[in-house]
Amino acid sequence: MYRNLDEIIAAAKALPNRQRLAVAAAQDQDVLAAVRDAVEWGIVSAILVGDEEKIKSIAHSVKLDLSKCEILPESDPVLAARRAAAMVAAGVADLVMKGKVGTADILRAVLDKEQGLRTGKLLSHVTALDIEGYDRLFLMTDGAMSIAPDLGQKVQIVQNAVDVARAMGYVKPKVAALAAVELVNPDMPATMEAALLAKMAERGQIKGALVDGPLALDNAVSHHSAEVKGIVSSVAGQADILMVPDIEAGNVLYKSVVYFARARVAGVIAGAKAPVVLTSRSDSHQAKLDSIAFSAVIAAGLNQ
C-alpha cells in the first residue's frame, strides 16, 4: 500500500528499466517541465512528438536537455496523437501522454481500430489522491470520462481501477461504491447499483477486490464514522478505491480535495493496452510529473 505520491515517485525511480514515454503534441510548458524531471530522475525516456521548433523553444526555457530525448516532428496535434499512440501499439513506447492536444483527439487516437490501443474494454479514468492526514493514497474513479455510467459500465470502471491497484502491488484492494447514504433506497439509483456491485463482487463478477456499498464518503474513509453508524464491513473506514456514482460527483470530489485540501493528484486512463497519462490543462507541473510516475509504476506492474 502506498501512503503518498512521494512513495510512488520513489517506486518509479527504483524501477529496473525506464518506461518509454511518447508525448503527443509535446509543445506544452508544464508537460515538458514534468518530462524534464521524469527523465532526470530516470523514470522515463521521452519521445516528443509535435511541433519541433516549439518543442525546442519550450525545452530551452524549462532547461530540458533534448540530447536525452527523441523528437519526432509533427505540426498537426491530431496526427501527433495518432503517431504517439501507434508507437505504443507497436511496442516502441510503453506509455502515451497527452500534451497540447484535445482530450477527444487523444482518445480517438487511443481507440483507433488499426493503430490504437483498443482492447474492447471501457476506458475509464483513475485518479490517485494524496490527501494530508490520511495514511494511504486513495484511488478515485471515474471523475473524468464516464458521464452517467449504467450498472454494466460501473462494473468495468471498478474492474479497471482494481487492475490499476493490483498493478501497483495491492493484493486485494478495497472498493467503496459511494452514494449519499449507506442504506439502499429505491428512490436513489446510486444506492441500488452500489449494492448490486457489492453482490456481483461476492459472486466473482468483479475479480480481485473486496467491494462494498452503498457507502457514504465519511464511512468509506473514516473508521470512527463507520463505528458511529454501526456499519460492519471489510471496506468501511479503510477503502483503497472510491467509486463515484457519476462524473459530476467525481469532478466535485477531485476539485474539492485539490482546491480546499491542497491535495496532490495523479491521473491515468485505464482499460487500454497501456496506461494513458491524461491530466487537466489546468493541472500543475507537479500533477503532471506525479501522473507520469504513477503511470510508469502501473505499466511496470502490468508487464510483470
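The values are calculated or read from the model by the stated rules, or taken from the named source; none is laboratory data. None of the values given here were measured: they were computed from a predicted structure. Virtual Cβ from ideal backbone geometry, glycine too; neighbours counted across all protein chains shown. Only protein heavy atoms, including side chains, enter the accessible area calculation; ligands, DNA and RNA are left aside. Shrake-Rupley method; radii C 1.70, N 1.55, O 1.52, S 1.80 Å.
When residues in segment 261-297 are screened for being touching a strand residue (DSSP E or B) at 6+ places or on another chain (Cβ under 7 Å) and not in a helix (DSSP H, G or I), 15 of them pass.
Inside segment 149-190, residues that are among the polar types (S, T, N, Q), under 21 Å from Ile231 (Cβ atoms) and in contact (Cβ under 8 Å) with a residue 40 or more places away in the chain make up a count of 0. In segment 193-204 there is at least one residue that is at pLDDT 95 or above, in contact with a Lys or Arg (Cβ under 8 Å, 6 or more places away or on another chain) and among the acidic types (Asp, Glu). Considering only residues in segment 189-209 that are of a type outside the set (D, E, K, R) and open to solvent by 60 Å² or more (accessible area, probe 1.4 Å), the one that is nearest to Ala239 (Cα to Cα) turns out to be Leu196. In segment 1-40, what residues are out of contact with any strand residue (DSSP E or B) (no Cβ under 6 Å at 6 or more places or on another chain), in a helix (DSSP H, G or I) and among the small types (Gly, Ala, Ser)? Those that are out of contact with any strand residue (DSSP E or B) (no Cβ under 6 Å at 6 or more places or on another chain), in a helix (DSSP H, G or I) and among the small types (Gly, Ala, Ser): Ala10, Ala11, Ala12, Ala33, Ala34.
Under the condition of being assigned to a loop (DSSP other than H, G, I, E, B) and open to solvent by less than 10 Å² (accessible area, probe 1.4 Å), the residues counted in segment 41-62 number 1. When Lys13, Lys63 are checked against the criterion of being within 18 Å of Ala128 (Cβ to Cβ), basic (Lys, Arg) and at pLDDT 95 or above, a single residue qualifies: Lys13.
Residues that are closer than 22 Å to Ala128 by Cβ and either charged (D, E, K, R) or open to solvent by 60 Å² or more (accessible area, probe 1.4 Å) (or both) within segment 211-233 comprise Asp212, Leu217, Asp218, His223, listed in sequence order.
Is one or more of the residues making up segment 149-166 part of a loop (DSSP other than H, G, I, E, B), farther than 24 Å from Ser295 by Cβ and either over 20 Å from the mean Cα position of the chain (by Cα) or among the acidic types (Asp, Glu) (or both)? Yes: segment 149-166 contains one or more residues that are part of a loop (DSSP other than H, G, I, E, B), farther than 24 Å from Ser295 by Cβ and either over 20 Å from the mean Cα position of the chain (by Cα) or among the acidic types (Asp, Glu) (or both). The lone criterion from (1) buried (at least 16 other Cβ atoms within 10 Å of the Cβ); (2) under 27 Å from Met97 (Cα atoms); (3) out of contact with any helix residue (DSSP H, G or I) (no Cβ under 6 Å at 6 or more places or on another chain) left unmet by Gly120 is number (1). Against the condition under 20 Å from Ala266 (Cβ atoms) and either open to solvent by less than 70 Å² (accessible area, probe 1.4 Å) or touching a Lys or Arg at 6+ places or on another chain (Cβ under 8 Å) (or both), how does Ala25 come out, does it pass? When the stated conditions are applied, Ala25 does not pass them. Looking at segment 142-153, is at least one residue of a type in the set (Asp, Glu) and either modelled with pLDDT under 95 or surrounded by 21 or more Cβ atoms within 10 Å (Cβ to Cβ) (or both)? So far as segment 142-153 goes, yes, one or more of its residues are of a type in the set (Asp, Glu) and either modelled with pLDDT under 95 or surrounded by 21 or more Cβ atoms within 10 Å (Cβ to Cβ) (or both). When Ile131 is tested against the conditions (1) of a type outside the set (Lys, Arg); (2) touching a helix residue (DSSP H, G or I) at 6+ places or on another chain (Cβ under 8 Å); (3) crowded, with 19+ Cβ neighbours inside 10 Å, the lone failure is (3).
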